[in-house]
Amino acid sequence: MSCCTSTPLLLWLFLSLSLSLSFFTASKADVPAVIVFGDSSVDSGNNNVISTLLKSNFRPYGRDFYGGQPTGRFCNGRIPPDFISEAFGLKPAIPAYLDPAYSISDFATGVCFASAGTGYDNATSKVLNVIPLWKELEYYKEYQRQLRAYVGEKKANLILTEALYLMSLGTNDFMENYYTFPTRRSQFSVRQYQDFLLALCENFIRELHGLGTRKLSITGLPPMGCLPLERATNILGQNDCVPEYNNVALEFNRKLEGLVVKLNKQLPGMRMVSAPAYDIFYQIITKPSQFGFEVTGLACCSTGTFEMSYLCSQYNPFTCSDANKYVFWDAFHPTEKTNKIISDHLIPLLLAMFSH
């Protein structure tokens, strides 16, 4: 091929590539921020500054995070909202709203209101004195006011409407509350309690919609019966997963999917998706070698049975040296590697649904 014909061809290829990249970037930019509500599965450090025993702002938590910093994430590294934010072309780690190291300039492109230990049920947040879901909403309203003051009414409204909202909670309502204390069990059968929680969830989403939310991904329950904490106490079941808890999670998730369908029809302009994390998480737990894991029944931290928060101490000689071999970091929470696999499974759905 002569130089005269190759130059226009190269130019055309360059322009095509540039246009493709600009289109891809533009499509990602349709989500200007990621805004997070929920519990420890998505909390990036709000519990650091409240009076609760449920904290993780000390090593070995965060040992594989940027700079080896314990941030208050219940993990050795990053959690799903961090990976999702990065996939949408935003920052690789979402700051906690109550973290004094950050301000509205940081929160304009992503902010986390989640609190480890919380649930849909206010009674759940009282167990370990953490932020209830209604308070997360109050912080969000405060954030809206700060954002409008920072970027102006018009731009703030655009950010708030086009932002991707993530919700992930519910596990604590069952594991910390319903199955641990008798109060709710005396009031509700497990199915009635599921419906009670879903009614609270619906009210919360309706409030969010009234405040401008239009893009929402909600994650249901994980395989709760396979958490190391539950397996450790399942002595009669040879420390295997507890089927009852997993079945409750599956049933709750089916009901949640029905709620998503209903609200998509009823709320004008709303685009909601139920992000299905249960199946991929269960596959990781039951077929760990397929994902490069060696240990699934025990967690990396300490003896890997009951420990989380302050019981997961850097001074414990039993903490594993390589978290990538473990599905779970502590007795309740996945490792960064597990979080990434689950996030990578969900991200194509979220990009397809929300990046246009």
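The values are calculated or read from the model by the stated rules, or taken from the named source; none is laboratory data. Here the structure is a predicted model, which means the values were calculated and not measured. All Cβ positions, glycine included, derive from the backbone under ideal geometry; neighbour counts span all protein chains shown. Surface areas here come from the heavy atoms of the whole protein model, side chains and all, with no ligands, DNA or RNA. Shrake-Rupley method; radii C 1.70, N 1.55, O 1.52, S 1.80 Å.
Computed values, structure above
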item	result
Rounded accessible area of SER103 (nearest 10 Å², 1.4 Å probe)	50
With all protein chains modelled, accessible area of PHE58 [1.4 Å, Å²]	40
HIS345 accessible area, 1.4 Å probe, all protein chains in place, Å² to nearest 10	90
Segment 105-110 - phi-based ³J(HN,Hα) in whole Hz, Karplus 6.51/-1.76/1.60, Gly and Pro as x	5, 7, 6, 4, 10, x
Over segment 82-232: Rg over Rh, Cα atoms, Kirkwood Rh	1.00
Highest-MSF residue in the chain out of SER189, SER217, SER44 [GNM, Cα springs under 10 Å]	SER189
Taking the chain and dividing mean pair separation by its residue count, relative contact order in percent (alpha carbons under 8 Å, at least six apart)	18
Nearest-ten-degree value, helix 3-29 long axis tilted from longest Cα axis of the chain	40
Helix axis angle, 243-266 relative to the chain longest principal axis, alpha carbon, degrees	40
Between 0 and 90°, nearest 10: helix 336-354 axis offset from the chain longest Cα axis	50
Nitroxide proxy distance, nm - points 7 Å out along Cα→Cβ at GLN283 and ILE50	3.5
Cα-Cα separations in the chain greater than 33 Å, expressed as whole percent	28
Near-label residues of segment 50-73 by backbone N, under 18 Å of a point 7 Å along Cα→Cβ of THR180	50-57
Charge-dipole axis of segment 64-203 as Lys and Arg at +1 and Asp and Glu at -1 on Cβ define it, positive-most pick from VAL111, LEU198, ALA149	ALA149
For segment 174-232, the spread of Cα positions along each principal axis, largest first, Å	43, 27, 15
